[in-house]
Each structure stands twice: as C-alpha cells, then as structure tokens.
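A short worksheet on the structure shown next.
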Amino acid sequence: MVHFVGAGSGAADLITVRGARLLEQADVIIYAGSLVNPALLDYAKEGCEIHDSAGMTLEEVIAVMEAAEAEGKTTVRLHTGDPSLYGAHREQMDLLDRAGIGYDVVPGVSSFSGAAAALKAEYTLPNVSQSVIITRMEGRTPVPDGEKLRLMAQHGCTMVLFLSTGLLDRAQEELLAGAYEPDTPAAIVYKATWPDEKVLRCTVGTLAETARRAGVKSTALVTIGGFLGSSYERSCLYDPSFTHGFRKGEQPQRG
Ligand code: SAH
C-alpha cells in the first residue's frame, strides 16, 4: 500500500495527525527533498528506507514503490503542502493503477494557507474579493491559453501565484495588463511557516524589485489583491442584525 501524504507547508508540526502516524509506520519513505522539511523524517521508524525524490524520475519513484509492494511493505510518498496543487501525484497514481498497487491520499496544509497565516490575512473579505485564483506564471511548464496570467488577472480578485518568483518582471506586466493597478497591495511570502519565513509586503508595481532586493528567487508565493488592504465590510454571518439557521438577528433581516 502506498500513502500519498501532504507534508504541510514547512513547519514539521503542521503535518496532519494521520500523516504523522503513517510516517511513523512507513517501511519506505519517498520525500520531495527540494521542498519538504527534513525534520519530518524524524517521524520515521528505525530502519525505514528513505529516498529523496528530488533527483529521481517518475519511473524511478514507481520502481521503489513496486519493490516495496513486492515485499509487502508500506510506502509513504511525502509531498510538500497539499499534494493536489502542483504535486504531480496524479501521474504516480495512474501508474500505480496500472501496476495494480493500492494507494490513498492524506491532505496537507498547502503553502497558500501557510502564507495567509504568515500574513495574518483573510483571502475572502466581503466586498473586497470572494474568490481566490490559484495559478502560476507560464514558465517551462505551459499554461493553457484560457489561463494566461493577463486573462486571469482580469477578475481583479485575490490571487496566489505559485512557482513564479523567478519570473516576476513578466508576471508584473501580465498582472498590470489585467485589472490590477501599480498600487494594488501585494505580498511575497518566502518559506511560509518555516523558521526562516519572510514576509515582504509591497504593491503589484514593485513585486519584481521587492523580490530582487530581498534576494528571494524560489520557495515563495506571491499574493495579490485588496485583501491585503485595510478596508472591507463586516461579514453578514456575525452581524447582530443578520438572521441565519443558527441565530436570530436583532432587527429585520437584510435583503
Ligand atoms: N503542493 C504544494 C505546492 C508545490 S509547488 C503546496 O500545496 O503548497 C512548489 C511551489 O509552492 C514553490 O515554488 C512555491 O511557489 C510554493 N511553496 C511551497 N512551499 C512554500 C512555502 N513554505 N512558502 C512559500 N511558498 C511555498
């Protein structure tokens, strides 16, 4: 059996309880060494076979899983953040299906959640933005035509850019070709939830320069939008006058 486990965004104690238990029980761990905090390997039992996937191909990863399976061993495939975002675990699951090997998936705290915590921010403020676009600047991995950054930027909603810190000159142009203004608030969060986390608050117009000055080139998220500003409306949910299924409002319900 193979367990795909989300490691969380960095801090070793941000893994789920279920993920930590599986790590403790694993006979084989394959972890994404480029981004997963090595402190998570402290959960491994004595004698556990550990592989860093950073230098491995998909085929080599699957070969390790197949060898473990042949000996009745349990494998944990440890992915950074939550595996469902830029995790490349789909292609592994498809090959495991073909090989007739069973697996399950344990979610993790994605770095976009870690970044919001670092910023002490809420992505979805009433009347500011009720949507979060998670996307990336096109790099060596192509982005479908309908998802080019300037098109996504037309919404002007909260945006979180993965995998784009090295491409910020171009990303900035694309964002400004959409609905964002040079003074729209932005923040670069480097290594969210790691001990050396850095939060760089800036604007869309100064994204590239801010990253350059701080020497941040990777392992960072770019967050953009009015949610980083100071004005927003209170939520209806906790408004004294608002009635909902769990509470009766003090005044007539708002339309
Ligand atoms: N599955 C992961 C993302 C993997 S893609 C998740 O859910 O977070 C790798 C990219 O994620 C990095 O290039 C960076 O943009 C972002 N990233 C991963 N960990 C991060 C962290 N702790 N802080 C900021 N960005 C991070």
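The values are calculated or read from the model by the stated rules, or taken from the named source; none is laboratory data. Everything quoted here is computed from the prediction, not taken from an experiment. No Cβ is skipped: glycine too gets one built from the backbone with ideal geometry, and neighbour counts run over all protein chains shown. Only protein heavy atoms, including side chains, enter the accessible area calculation; ligands, DNA and RNA are left aside. Shrake-Rupley method; radii C 1.70, N 1.55, O 1.52, S 1.80 Å.
Just the number please: accessible area per residue for the chain, 1.4 Å probe, all protein chains included, in Å². Before the final figure, lay out the partial values.
On the way: 13290 Å² over 255 residues.
It amounts to 52 Å² per residue over the chain.
Dividing the helix sum by the residues of the chain, where each DSSP H run of 4 or more adds -39500 (n - 2.57), gives a mean residue ellipticity at 222 nm of -7000 deg cm²/dmol. Rounded to the nearest whole Hz, the Karplus-based 3J(HN,Hα) values (6.51 cos²θ - 1.76 cosθ + 1.60, θ = phi - 60°) of the stretch 101-112 follow the sequence 9, x, 7, 9, 10, 10, x, x, 6, 6, 5, 6, with x at glycine and proline.
Amide H contacts for ILE29 (H built 1.01 Å from N in the peptide plane; partners 5 or more residues away or on another chain; cut-off under 5 Å): GLU49, ILE50, HIS51, VAL76. The fraction of accessible area contributed by carbon and sulfur in the chain is 50 percent, rounded to a whole number (1.4 Å probe; ligands and nucleic acids excluded). Would you give the gap between the C-alpha center of the stretch 189-216 and the C-alpha center of the stretch 117-145, rounded to a whole Å? So the two Cα centres are separated by 16 Å. Shown here are the Rg and Dmax of the Cα trace of the stretch 105-255, at 17.4, 56 Å. The H on the amide N of TRP194, modeled in the peptide plane, is under 5 Å from the matching H of ALA11, each at least 5 residues off or on a different chain.
Each residue, THR74 and TYR232, gets one label point 7 Å from its Cα in the Cβ direction; the gap between the two is 4.0 nm. Sparse packing (at most 12 other Cβ atoms within 10 Å of the Cβ) combined with a DSSP loop state is found for the following GluC sites (Glu not before Pro) in the stretch 57-123: GLU71.
In this simple spin-label approximation, MET1 and GLU209 carry label points 7 Å from Cα along the Cα→Cβ vector, and these lie 5.6 nm apart. Among the trypsin sites (Lys or Arg not before Pro) within the stretch 141-241, those in coil by DSSP and having at most 15 neighbouring Cβ atoms inside 10 Å are LYS217, ARG234. Among PRO195, ALA54, CYS157, whose Cα projects farthest towards the positive end of the dipole of the chain, with charges put on the beta-carbon of Lys, Arg (+1) and Asp, Glu (-1)? About the Cα centre, the residue reaching furthest to the positive side is CYS157. Short version: ³J(HN,Hα) in whole Hz for each residue of the stretch 34-41, in order, from phi by Karplus 6.51 cos²θ - 1.76 cosθ + 1.60 (θ = phi - 60°), x for Gly and Pro, what are they? Karplus-based 3J(HN,Hα) across the stretch 34-41 equals 6, 9, 7, 5, x, 4, 5, 6 Hz. Legend: calculated FRET efficiency, ALA63 to ARG170, from the Cβ-Cβ distance at R0 = 35 Å, rounded to 0.05, equals 0.40.
What whole-number volume per residue, in cubic angstrom, does the convex hull of the C-alpha atoms of the stretch 1-113 give?
Taking the convex hull of the Cα positions in the stretch 1-113, it is 87 Å³ per residue.
What you get for the chain, charging only the Cβ of Lys and Arg (+1) and of Asp and Glu (-1), is a dipole of about 900 debye around the Cα centre. Extension gain for ASN127 to LEU151 (0.36 nm times residue separation, less C-alpha to C-alpha distance): 6.5 nm. Length available on full extension from VAL143 to LYS248: 0.36 nm per residue minus the Cα-Cα distance, which gives 33.1 nm. The share of Cα pairs per 5 Å bin across the stretch 1-58, counted from zero up to the longest distance, runs 4, 20, 32, 28, 14, 3 percent. Starting from one equal scatterer on each C-alpha and no solvent at all, send me the Debye-based log10 I(q)/I(0) for the chain at q = 0.12, 0.13, 0.16 Å⁻¹, two decimals. One equal scatterer on each Cα of the chain leads to -0.80, -0.89, -1.12. With a simple spin-label model that places each label point 7 Å from the Cα along the Cα-to-Cβ direction, the separation between ALA179 and ALA88 comes to 3.4 nm. For the stretch 9-15, 3J(HN,Hα) computed residue by residue from phi via the Karplus equation (6.51, -1.76, 1.60; θ = phi - 60°) reads 7, x, 3, 5, 8, 9, 6 Hz, glycine and proline entered as x.
By how many nm would the segment from ASP97 to LYS198 lengthen if fully extended, with 0.36 nm per residue of separation less the alpha-carbon distance?
Gain on extension, ASP97 to LYS198, equals 32.3 nm.
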